[in-house]
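Novice: Could you have a look at this structure, given as structure tokens, before my questions?
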Amino acid sequence: MDGIINVAGVDDEIGNQVKSPLSKPAVHYPSDEEAILSSLPQNLFTIFLKHRPTVTQSCRHLFDLQLSGHTHGGQIFPFTEIIPILYPSRPGLHKLSRQSFLYTNSGAGTWGPPMRFLAPPKIAVIELVNNQRSGTD
């Protein structure tokens with residue numbers, strides 16, 4: 001069997017720079033998104049996992065669905081108003097091109113204070129359906 005789906009992801013470059021005095025230094029491997037995605041079989045549906053909802057222009061045609069989070073939906077007012085300025089892709093599904101999409105989730109977790117205010121948590125269930133028909137009519 002040749003496979004039915006590609007799943008690839010990259011480290012969060014900025015997130016790995018944040019170090020806690022209580023944790024071991026993070027191991028970070030610089031990611032060349034284009035090289036990673038180009039190395040995958042192009043005939044398969046490709047899910048690309050990237051923490052931040054930013055899309056590298058040269059990679060739009062190399063994946064079908066990018067799954068991202070990071071924003072926490074702002075988590076606490078007034079950040080709920082600031083996050084859309086920093087990350088214009090609001091939570092939900094966004095069509096990037098004829099064949100590629102970005103899904104941004106506001107998540108259920110927190111950063112900093114363990115609370116959310118005017119930013120409800122969200123857990124997404126994504127169902128992938130193959131619309132291609134096999135065989136002949």
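Each reported figure results from applying straightforward, stated rules to the coordinates on display, with no laboratory input. Every value quoted in this text rests on a predicted model; they were computed, and no experiment measured them. Using ideal geometry, Cβ is built from the backbone for each residue, glycine included, and neighbour counts are taken over all protein chains shown.
Novice: Amide H of Phe45: which non-local residues (sequence gap of 5 or more, or other chain) have their own amide H closer than 5 Å, using H built in the peptide plane?
Specialist: The answer is Asn6.
Novice: Tell me which residues come under 5 Å, amide H to amide H, from Phe101 once H is placed; ignore anything under 5 positions away on its chain.
Specialist: So Phe101 has HN proximity to Leu65, Gln66, Leu96.
Novice: Let me ask another. For a protection proxy built on the mean count of beta-carbon atoms within 10 angstrom, sort 36-49, 116-129 highest first, please.
Specialist: 36-49, 116-129
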